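The values are calculated or read from the model by the stated rules, or taken from the named source; none is laboratory data. Source: prediction; values computed, not measured. With ideal geometry, Cβ positions are generated from the backbone for all residues, glycine too; neighbour counts draw on all protein chains shown. What goes into the accessible areas is simple: the full protein's heavy atoms, side chains included, and nothing from ligands, DNA or RNA. Shrake-Rupley method; radii C 1.70, N 1.55, O 1.52, S 1.80 Å.
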Amino acid sequence: MPRSSSAPSLARPLIASLWLACAATLAQAEPVADVYALAQKEQQPLLDTLRDLVSIETGSKDIDGLNQIAERVAGQLRQLGGTVEILQPTDIYRLDDTPEKIGPAVHAIFKGTGSKKIMLIAHMDTVYLKGMLKDQPFRIDGDKAYGLGIADDKQGVALILHTVALLQKLNFRDYGTLTVLTNSDEEISSPGWRSTITKFASDQDVVFSFEGGGTDGTLRLATSGIGSAYLTVQGKSSHAGARPEGGVNALYELSHQVLQMKDLSKPEQGLKLNWTVSKAGTNRNVIPAEATAQADARALKVADFDDLEKAMQDKIKNHLLPDSKVELKFEVRRPPLEANDASRRVATYGKTIYQELGMPLKVDEKATGGGTDAAFAALKTRGAVVEGMGLSGFGAHSNDAEYVQLNSIVPRLYLTTRMIMDLSTGKLK
């Protein structure tokens, strides 16, 4: 009898503690459910915004179209309560192909009650020429939404706008500042806005960049740096038949220079240099007085570009024809984005959020493909920079096959919103 009477007395506190643990778990899950439910309701408004954005043609050199989309984005951010300004470029980094005019950027700040600084970036410009909209209008077909520039990167702009809207509907303001920046020159290597991105990102705790996540929604912590080399050779023209010895053949010298630089790639460390364009001469019977060549360079570390340029400058001192003049110009069009511990920590936390949805989330620490504006954001910040926060999709830069996957909208809204909330409240450290 004593044993049977003591058992309930021991069980009561155990049951009570289990009940409290269960209640605590339910209490924690409830706001998550709220976020998910609102993310579901936000899908159609996001698609409406995406339709509007796709319906504005915004090639990187189409200033009228870029001004129009900037006004559209700025207006929506003002409606959400942000302090918004449309900026015009003042610090343009002139590259070989930089147009005379650069389009605007939209900058918005939402002030909260906390301390964390979070920045969301995307770009409004596309690679398409004016008049191509008729060939790729916005349309929904099955589980995909198609449109001109929809994947690269108008989905990113729309996703930012509706993440902010979702936070507003949740009445969440525990961040310190939430900064939004959308620029209009990413497709031409961001000559007008690279310094602004770097400046605004320098004191942020986290920068989320909303380029698309590919077909499987992968987050990227590293991107390739992109460089260009321009080789110019000055020789001397002369009659190719009657007096070739009177000339200095710029084509010969150019060929010599290109060949002596053909082995500067270091694929094992991600450094690549490939000569891709060349031009020489004016007439078949004239010794060419000038020759030019261009090369594409890729690197995974900023220092590798510095070393490559030094090696190339050293190489051009060796001439085949002593009387020729050789000049080399090297541009870092976009620095590489390198993974760091802060970015790994944030991306790993993102995996746990996706697990709540029963979904896997891939994180890639190795650079693949081209670079993005995330690399400019990372230049002077110690915080995390995570690329690929945008919707899943495919077909960027294609004429009639660019799309985003509709089933990625709710998970991405949920992911971004939860990341901002948990970072702001200290759950994501």
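Could you go through the range 37-47 in sequence order and give the Karplus-derived ³J(HN,Hα) for each residue, using 6.51 cos²θ - 1.76 cosθ + 1.60 with θ = phi - 60°, rounded to whole Hz, and x for Gly and Pro?
Result, rounded to whole Hz: 4, 5, 4, 5, 5, 7, 4, 5, x, 5, 5.
Tell me the Rg and the Dmax, in Å, that the Cα atoms of the range 177-336 produce.
In order Rg, Dmax, the Cα atoms of the range 177-336 give 20.8, 74 Å.
Quick one: work out Rg over Rh on the C-alpha atoms of the range 279-394, Rh as Kirkwood radius.
1.20
Which far-off residues, 5 or more places away or on another chain, put their amide H under 5 Å from the one on VAL248, with H placed in the peptide plane?
The answer is LYS236, SER237.
Give a residue-ordered list of calculated ³J(HN,Hα) values for the range 128-141 (Karplus: 6.51 cos²θ - 1.76 cosθ + 1.60, θ = phi - 60°; whole Hz; x for Gly, Pro).
Karplus values, whole Hz, x for Gly and Pro: 7, 8, 4, x, 8, 4, 4, 8, 8, x, 5, 7, 10, 9.
Summarise the accessible area of the chain (1.4 Å probe, protein heavy atoms) by the percent that is carbon and sulfur.
After summing per-atom areas, the C and S share lands at 52 percent.
Return one number: the angle in degrees, 0 to 90 and rounded to the nearest 10, between the long axis of the Cα atoms of helix 341-356 and the longest principal axis of the Cα atoms of the chain.
Taking the Cα atoms of the chain, the angle to 341-356 is about 50 degrees.
Pull up all non-local amide H partners of GLY192: gap of 5 or more, or a different chain, and H-to-H distance under 5 Å with H placed in the peptide plane.
For GLY192, the qualifying residues are TYR93.
DSSP loop (so not H, G, I, E, B), at most 12 other Cβ within 10 Å: list which chymotrypsin sites (Phe, Trp or Tyr not before Pro) in the range 57-152 pass both filters.
Of the chymotrypsin sites (Phe, Trp or Tyr not before Pro), not one in the loops of the range 57-152 has a Cβ with at most 12 other Cβ atoms within 10 Å.
So what is the 222 nm mean residue ellipticity for the chain from helices alone, if each DSSP H run of at least 4 adds -39500 (n - 2.57) and you divide by all residues, rounding to the nearest 500 deg cm²/dmol?
-12000 deg cm²/dmol
So what is the accessible area of the chain per residue, in Å², with the probe set to 1.4 Å?
47 Å²
Can you compute the FRET efficiency between ILE109 and ASP48 using 1/(1 + (r/R0)^6), with r the Cβ-Cβ distance and R0 = 22 Å? Round to the nearest 0.05.
Working from the Cβ atoms, E equals 0.30.
Can you sort LYS317, LYS262 by 1.4 Å-probe accessible area, starting with the largest?
LYS317, LYS262
How large is ³J(HN,Hα) for each residue in the range 378-387, as worked out from phi by the Karplus curve 6.51 cos²θ - 1.76 cosθ + 1.60 (θ = phi - 60°), to whole Hz, x for Gly and Pro?
Ordered by residue, 3J(HN,Hα) equals 7, 4, 10, 9, 9, x, 6, 10, 10, 9 Hz.
In terms of solvent-accessible area of protein heavy atoms at a 1.4 angstrom probe, what is the ranking of TYR252, TYR403, highest value first?
The most accessible residue leads, giving TYR252, TYR403.
Can you give the local net charge around VAL363? Use residues other than it whose beta-carbon is closer than 12 angstrom to its beta-carbon, Lys and Arg +1, Asp and Glu -1.
Neighbour charge sum, excluding VAL363 itself: +2.
Once you list every other residue whose beta carbon is under 11 Å from the beta carbon of GLN257, what net charge do they have if Lys and Arg are +1 and Asp and Glu are -1?
+1
Given the Cα-Cα distance of LYS366 and ASP323 and 0.36 nm per residue of separation, how much length would full extension add, in nm?
Taking 0.36 nm per residue and subtracting the Cα distance, the gain is 11.0 nm.
Rank HIS239, HIS319 by accessible area, highest first, at a 1.4 Å probe radius?
Descending accessible area places them as HIS239, HIS319.
How large is the Kirkwood hydrodynamic radius of the range 369-429, counting all unique pairs of alpha carbons, in Å?
14.0 Å
With the crude spin-label approximation of a point 7 Å out along Cα→Cβ, what separation in nm comes out for LYS279 versus ALA240?
About 1.8 nm, to one decimal.
Hey, if you put +1 on the Cβ of every Lys and Arg and -1 on every Asp and Glu Cβ in the range 115-200, which of GLY149, GLN136, LEU159 ends up farthest toward the positive end of that dipole?
Comparing the listed Cα positions along the dipole, LEU159 ranks first.
Rounded to the nearest 0.05, what FRET efficiency is calculated for LEU170 and ALA303 with R0 set to 56 Å and r the Cβ-Cβ distance?
E between LEU170 and ALA303, to the nearest 0.05, is 0.85.
In a shell of Cβ-Cβ distance under 11 Å around SER209, excluding SER209 itself, what net charge do Lys and Arg (+1) and Asp and Glu (-1) give?
-4
Can you give me the C-alpha center-to-center distance between the range 171-232 and the range 94-121, rounded to a whole angstrom?
Each part reduced to its Cα centre gives a spacing of 9 Å.
In whole angstrom, how far apart do the alpha carbon centroids of the range 40-70 and the range 351-428 sit?
Centre-to-centre (Cα) distance: 20 Å.
Taking springs between alpha-carbon atoms closer than 10 angstrom, which of GLU387, GLU85, GLU211 fluctuates most in the Gaussian network model of the chain?
Comparing GLU387, GLU85, GLU211 in a Gaussian network model of the chain, the most mobile one is GLU85.
Just need the Rg to Rh number for the chain, please, alpha carbons only, Kirkwood Rh.
1.12
Accessible surface of TRP275 in the full protein assembly, 1.4 angstrom probe, to the nearest 10 Å²?
Number for this one is 60 Å².
Could you give the length gained on full extension between ALA401 and ASP91, defined as 0.36 nm per residue of separation minus the Cα-Cα distance, in nm?
108.0 nm
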